[in-house]
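Here is the structure we will look at.
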Amino acid sequence: MAARTAASFSGSGMEGTTTARMIPTMSGLARPELLATAEWLAENLERDEIRVLDMRWRPDGSAGELHALGHIPGATLVDWRKELVDEGERGETILLASPDRMNALAVRTGIADGTTVVVYDDSQGLFAARAWWSLRAYGLISVRILDGGYPEWVHDGRDVSNARVEPASGGFTARGPNRTRLTTADVRGLLGSPDVTLLDARAPAEYRGFEGNTRRLGHIPGAVNVPVGAMSEPGGQRLRDGAALRDLLNAANVTRGHRMVCYDGSGVAAAKLAFVLTLLGHEDVSVYDGGWADWGNRLDLPVDR
């Protein structure tokens, strides 16, 4: 990965004489302040305005044991399935958590309006991206993903902790959700729009209708397949550099200047795709909340294969 240097970021609540050394940059990225390197986090971990969320998750519920065995000092464990989402009407669709639930998370984890939140996982940033998108959808501006996640943190022997964290009560007030979140009705209304690009973040086999667990298989008409699995370094956790990420998007004929609408099956890969697009400078990026889990289970919506 390309060498990283420091750059300033206005509007993060962290401006000042020390800001220049605090913000990492990566080659070819328009919004490098959305990423945090392990080096940057180690230097700034003790700052009062920093909160770190451990987004590691396991389907069997064992993430709590992982956290207890070791985590970045000061990090609070968050279960994205319990705290960042609400179930759909049929219990099949994962939706953005309500304002009340997001406010409760902020209070528990010590997030206030001026907080800079750093999120990490050990799953190539997938669950960290869901947290990034959820917090930003409700108006929290300064949220960063730790590039490489927990594996990157421990790679060079950095300190870990097994202490239970009790952060001071937060005061963030959820506002929205904003334009970054779209419903099924919203997406249906955008079909055929020449200024909108639908991006399917799932694996190619799901996109083409060869695999899946919904009532109908395939993809939303007009959607372009941009699998997020190719966006991390081969065999690693860190993102590819900006040039490689742009090459992936160019190969899918993703056009700058369009409104980007990302979806997958559960809003996790879609959130990572939205993060990458924002990182590369796309300004109008949304996540279809409900995604294929909703669209593919309805019989009244068009499907392509």
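Only the coordinates and a few stated rules stand behind these numbers; no lab work does. Bear in mind that the values here come from a model prediction, so they are computed numbers and not experimental data. Here the Cβ positions follow ideal geometry from the backbone for every residue, glycine too, while neighbour counts run over all protein chains shown.
Here are some notes:
- Lys, Arg +1 and Asp, Glu -1 on Cβ, resulting dipole of the chain about Cα centre, debye, nearest 20: 520 debye
- Length available on full extension from residue 215 to residue 107: 0.36 nm per residue minus the Cα-Cα distance, which gives 35.0 nm.
- Against the main long axis of the alpha-carbon atoms of the chain, helix 99-109 sits at an angle near 30°.
- Across the chain, Cα pairs under 8 Å and at least six residues apart give a relative contact order of 20 percent.
- Per principal axis, descending, Cα span of segment 23-155 in whole Å: 44, 32, 30
- Highest-MSF residue in the chain out of 229, 157, 114 [GNM, Cα springs under 10 Å]: 157
- Mean-square fluctuations from a GNM of the chain, with a 10 angstrom spring cutoff on Cα atoms, peak among 252, 223, 131 at 252.
- Normalised alpha carbon radius of gyration of the chain [divisor 2.2 N^0.38 Å]: 0.97
- Scattering curve values for segment 181-295, log₁₀ I(q)/I(0), Debye with Cα scatterers, q = 0.10, 0.11, 0.24 Å⁻¹: -0.26, -0.32, -1.50
- Computed magnitude of the charge dipole of segment 181-295 (debye, nearest 20; Cβ of K, R +1, Cβ of D, E -1): 120 debye
- Gaussian network model of the chain, springs between alpha carbon atoms under 10 Å - residue of 112, 168, 63 with greatest fluctuation: 168
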